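This report refers to the structure that appears directly beneath it.
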2 protein chains.
Amino acid sequence: MSEYIEHDKNGVSVGVVEKKFFTFAKPPDEICLESGAKLGPVTLAYETYGTLNEDKNNAILICHALSGDSHVAGYYAPSDPKPGWWDIMVGPGKGIDTDRYFVVCSNILGSCKGSTGPCSINPKTNRPYGLDFPVITIGDMVKAQKRLIDHLGIKKILSIIGGSIGGMQALEWSVRYPEAVASTVALATATRHSALAIAFNEVARQAIMADPSWKGGNYYGGPGPDTGLTVARMIGHITYLSEEAMREKFGRRLQGREKFSFRFDADFQVESYLRHQGSKFVERFDANSFLYVTKAADYYDLPGQHGSGSLVHAFAKARAKFLVVSFTSDWLYPTRHSRTMVQALKKCGRDVSFCEIEAKWGHDAFLLPNDRLAGLLRGFLARVFFDESNGKNAF
Amino acid sequence: MSEYIEHDKNGVSVGVVEKKFFTFAKPPDEICLESGAKLGPVTLAYETYGTLNEDKNNAILICHALSGDSHVAGYYAPSDPKPGWWDIMVGPGKGIDTDRYFVVCSNILGSCKGSTGPCSINPKTNRPYGLDFPVITIGDMVKAQKRLIDHLGIKKILSIIGGSIGGMQALEWSVRYPEAVASTVALATATRHSALAIAFNEVARQAIMADPSWKGGNYYGGPGPDTGLTVARMIGHITYLSEEAMREKFGRRLQGREKFSFRFDADFQVESYLRHQGSKFVERFDANSFLYVTKAADYYDLPGQHGSGSLVHAFAKARAKFLVVSFTSDWLYPTRHSRTMVQALKKCGRDVSFCEIEAKWGHDAFLLPNDRLAGLLRGFLARVFFDESNGKNAF
């Protein structure tokens, strides 16, 4: 192991990993989407960590949130300044232990990190799809992931784990492919968006579409809607932090000045933090993907789509064991939503563990170092693995 | 009284009123602003309701919020479809009873509803100020209001009443002109903005400034930054409603359709509500004024400016009686802020009444019909008037 890994403050890293690609649904075998539209070919970018055991019963699928990617842990090269987005949780000896489990993470359909999305080439025109890309759903994302899991030869996944929009995917897996899921971990998520969550997403989308450089989605090859996407991301970042976190992190402290500018500069630290987050995002994310993924999240309605409006009926289809985790200061996906979920799961007689973690950082808490969460995951996965291997493979 | 007034569902209206203008600080007698800049001439648009009594001790000044104006009650013409913005509270027999009190409301400095602001003509260039308009503060707004009150021959105001940014003005009056204020009513407000409130304002400002039609503020005479201002207002409207109100008002109900559009249309009611609010706002408000007024609110820091950081020291300067009101579901100016204010006032030995009103509509609650608030105001004003007139004029 190279020096940079030994000194990683987050513990031992999985080391250097490689992004792989799986392409399927080549025309005429296109996949049929929930909207009724067809799409193909479809490529999913994915990464794997650890080793699939002989029984193929130690696989974990991690589902990422809005702007995530397949790079959940490790480094692409020793010189990389930062590891994958959940490196604190995924690695040897970590909460999701790659010495024990075979971990898979794939970039979601509609994203821009190697999987097929609006910035991919439309084979019919040989130009990027733009808004000709069909509107996709969480169900469509999960359907595509299932193809990848089949391709990897995994019949039953030990655990599907996801936070936020990733949590929606994890829940969707449990009712769509009940026989293929031994357990589901839903972190900081909901079975459907509240009006408030939809409202924030809609304003963010409007900010992008209001940017003249968006050009109805046909901006590829020219300047993109950078200012619109910046504003959209700023809105998002407000919702990811709790009021308490904002107060503690920024308060009313000024940024690099002792007095007000009496101009429209960023006087306050919170202003320059948001501007910075917004402009950084433009470098790494596609504006159209932002539209598609947020729309999929807003459309998501587990009780509506699988239970004729009843969450109990929807979860009655599931067979998995569940771990549901919420965070006290998360106001985007508050504990209330998780409790409703847990109550419905209990009514169906499902094996469900629930934990509300005291955390002041708001929705973002699920991505931050948290020994409590790591311990919960470690214990839950060990228990499920014990049960799945009929006690012969206890950790 | 004409038919439209007799049938007004909000009770008896003050009837037809007239917008008046008061101009002062004609060069070279410009006013000196907190930033150090000078400004003149300054015009304030204002309206009055009821009659100033002989002792001139029944005057009430109402301070409006971000996008308000001087038109607090009544109609400009019998054909007007809507009365002033707080007609439910201001009128004969209402919470602020125009049969008893002489009510004044003036449009704030920096706004665009008749008072001097960035869309006014800069006498030095004979063109609209745009961003040459100096950045103003809540203190500057209050200083200008004081000139109007002096002009009206009122030495001591019975009560300064304001909600939200209007509440900041009311509080500022109490410490800036202690001898001129018998009482202060601070509704749904704070002595300074939290990081969260600044964050929302900053994103809204960025949405405006990101619009190429904003042109650094020099858009007058051409198309303005309508799309940017629309997004800014949408952001605002999210913060004005509580999550509960959004859930009840919109939930996940679709707008004018039974199925998802699978396009980027407004599928949900909450989306079309926000789009509607945003586009309506463009017709009635100036984007630059939005920048100036929100910046003034973000800069506002009563303890910082009047108490060297201590709210107790700041309020020690006040002489008024206080009524502080918060609303349970207001997450922009939560009850916590009001309690801090009340505790500081008590420590200074001020006469202060506090009420947290149970209301599910969020920050907007202070503008909605509320018998509890009307009763509180009626009682508080009667008591202050009784004290001010040494018991000779009890209602």
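The values are calculated or read from the model by the stated rules, or taken from the named source; none is laboratory data. Bear in mind that the values here come from a model prediction, so they are computed numbers and not experimental data. Positions of Cβ are generated from backbone atoms using ideal geometry, with glycine treated the same way; all protein chains shown enter the neighbour counts.
Could you list, in sequence order, the residues of the stretch A:333-348 that are free of Cβ contacts under 8 Å to residues at least 40 places away in the same chain, more than 22 Å from A:Asn201 (Cα to Cα) and of a type in the set (S, T, N, Q)? A:Gln343 - this is the single residue of the stretch A:333-348 that is free of Cβ contacts under 8 Å to residues at least 40 places away in the same chain, more than 22 Å from A:Asn201 (Cα to Cα) and of a type in the set (S, T, N, Q). Return yes when B:Gly391 is without any contact (Cβ under 8 Å) to a residue 24 or more places away in the chain and in contact with a helix residue (DSSP H, G or I) (Cβ under 6 Å, 6 or more places away or on another chain) and no when it is not. When the stated conditions are applied, B:Gly391 does not pass them. Within the stretch A:68-124, the set of residues being of a type in the set (Asp, Glu) and buried (at least 20 other Cβ atoms within 10 Å of the Cβ) comprises A:Asp69, A:Asp87, A:Asp97.
Filtering A:Phe281, A:Phe322, A:Phe315, A:Phe268 for residues that are within 12 Å of another protein chain (Cβ to nearest Cβ) and buried (at least 18 other Cβ atoms within 10 Å of the Cβ) leaves a single hit, A:Phe268. Considering every residue within the stretch B:200-216, establish whether at least one is at the interface with another protein chain (Cβ under 7 Å from one of its Cβ atoms), touching an Asp or Glu at 6+ places or on another chain (Cβ under 7 Å) and in a helix (DSSP H, G or I). Looking for residues that are at the interface with another protein chain (Cβ under 7 Å from one of its Cβ atoms), touching an Asp or Glu at 6+ places or on another chain (Cβ under 7 Å) and in a helix (DSSP H, G or I), one finds at least one in the stretch B:200-216, hence yes.
Only one of the numbered conditions (1) away from chain A (no Cβ under 14 Å); (2) more than 17 Å from B:Ser242 (Cα to Cα) is violated by B:Ala297, and that is (1). Scan the stretch A:343-365 and tell me whether some residue there is crowded, with 17+ Cβ neighbours inside 10 Å, under 20 Å from A:Pro178 (Cα atoms) and out of contact with any helix residue (DSSP H, G or I) (no Cβ under 8 Å at 6 or more places or on another chain). No, every residue in the stretch A:343-365 fails to be crowded, with 17+ Cβ neighbours inside 10 Å, under 20 Å from A:Pro178 (Cα atoms) and out of contact with any helix residue (DSSP H, G or I) (no Cβ under 8 Å at 6 or more places or on another chain). With respect to (1) under 24 Å from B:Ile138 (Cβ atoms); (2) modelled with pLDDT of 95 or more; (3) touching a helix residue (DSSP H, G or I) at 6+ places or on another chain (Cβ under 6 Å), the lone exception for B:Val282 is condition (1).
The selection criterion, being in contact with a Gly (Cβ under 8 Å, 6 or more places away or on another chain), more than 9 Å from chain A (Cβ to nearest Cβ), closer than 28 Å to A:Arg275 by Cβ and not hydroxyl-bearing (Ser, Thr, Tyr), holds for B:Pro303. Scanning the stretch B:169-194 for residues that are buried (at least 24 other Cβ atoms within 10 Å of the Cβ) and within 14 Å of another protein chain (Cβ to nearest Cβ) yields B:Ala190, B:Thr191, B:His193.
In the stretch A:98-128, the residue that is nearest to A:Lys19 (Cα to Cα) out of those that are outside any loop (DSSP other than H, G, I, E, B) and more than 19 Å from the chain's Cα centre (by Cα) is A:Ile121.
Provide a single number: the residues in the stretch B:57-87 that are within 26 Å of B:Ile138 (Cα to Cα) and assigned to a loop (DSSP other than H, G, I, E, B). Steps first, answer last, please.
First pass over the stretch B:57-87, keeping only residues within 26 Å of B:Ile138 (Cα to Cα): B:57-73, B:84-87.
Filter once more, keeping what is assigned to a loop (DSSP other than H, G, I, E, B): B:57-58, B:64-73, B:84-87.
Residues that pass the stated criteria total 16.
For the stretch A:320-365, taking the residues that are more than 24 Å from B:Arg247 (Cα to Cα) and of a type in the set (Gly, Ala, Ser), the one that is farthest from the chain's Cα centre (by Cα) is identified as A:Gly349. Got a number for residues in the stretch B:134-177 being β-branched (Val, Ile, Thr) and part of a loop (DSSP other than H, G, I, E, B)? Residues that pass the stated criteria total 4. Of the residues contained in the stretch A:288-306, one or more are found to be surrounded by 21 or more Cβ atoms within 10 Å (Cβ to Cβ), among the aliphatic types (A, V, I, L, M), outside the structural domain of A:Thr98 (by TED's automatic domain parsing) and farther than 21 Å from A:Leu61 by Cα.
Just checking, which of A:Gly256, A:Gly224 is surrounded by 17 or more Cβ atoms within 10 Å (Cβ to Cβ), more than 10 Å from chain B (Cβ to nearest Cβ) and out of contact with any Leu (no Cβ under 9 Å at 6 or more places or on another chain)? Give the steps one after another, and end with the answer.
Values: A:Gly256 fails: surrounded by 17 or more Cβ atoms within 10 Å (Cβ to Cβ).
When all the criteria are applied, what remains is A:Gly224.
Among the residues of the stretch B:323-365, which ones are among the acidic types (Asp, Glu) and not in a strand (DSSP E or B)?
Kept after step one, since they are among the acidic types (Asp, Glu), are these residues of the stretch B:323-365: B:330, B:351, B:356, B:358, B:364.
B:Asp330, B:Asp351, B:Glu358, B:Asp364 - these are the residues of the stretch B:323-365 that are among the acidic types (Asp, Glu) and not in a strand (DSSP E or B).
Checking each residue in the stretch B:227-253 for being more than 7 Å from chain A (Cβ to nearest Cβ), surrounded by fewer than 18 Cβ atoms within 10 Å (Cβ to Cβ) and either outside any loop (DSSP other than H, G, I, E, B) or among the aromatic types (Phe, Trp, Tyr) (or both) picks out B:Glu244, B:Glu248, B:Lys249. The residues of the stretch B:300-351 that are over 20 Å from B:Leu377 (Cβ atoms) and among the β-branched types (Val, Ile, Thr), listed by number, are B:Val312, B:Thr340.
The single condition among (1) buried (at least 17 other Cβ atoms within 10 Å of the Cβ); (2) within 14 Å of chain A (Cβ to nearest Cβ); (3) not hydrophobic (A, V, I, L, M, F, W, C) that B:Gly36 does not satisfy is (1). The condition of being more than 25 Å from A:Lys321 (Cβ to Cβ), under 20 Å from the mean Cα position of the chain (by Cα) and at pLDDT 95 or above does not hold for A:Arg147.
A:Tyr292 fulfils the conditions (1) among the hydroxyl-bearing types (Ser, Thr, Tyr); (2) at the interface with chain B (Cβ under 10 Å from one of its Cβ atoms); (3) out of contact with any Pro (no Cβ under 8 Å at 6 or more places or on another chain) except for a single criterion, (3).
Quickly run through the stretch B:257-299 and pick out the residues that are without any contact (Cβ under 8 Å) to a residue 40 or more places away in the chain, among the aromatic types (Phe, Trp, Tyr) and either in contact with a strand residue (DSSP E or B) (Cβ under 7 Å, 6 or more places away or on another chain) or part of a loop (DSSP other than H, G, I, E, B) (or both). Within the stretch B:257-299, B:Phe260, B:Phe262, B:Phe264, B:Phe268 meet the criteria. Within the stretch B:127-181, the set of residues being within 29 Å of B:Tyr333 (Cα to Cα) and among the small types (Gly, Ala, Ser) comprises B:Gly139, B:Ala144, B:Ser159, B:Gly162, B:Gly163, B:Ser164, B:Gly166, B:Gly167, B:Ala170, B:Ser174, B:Ala180. Going through B:Asp150, B:Asp140 one at a time, which residue ends up being acidic (Asp, Glu), in contact with a helix residue (DSSP H, G or I) (Cβ under 8 Å, 6 or more places away or on another chain) and closer than 19 Å to B:Ser70 by Cα? The conditions single out B:Asp140.
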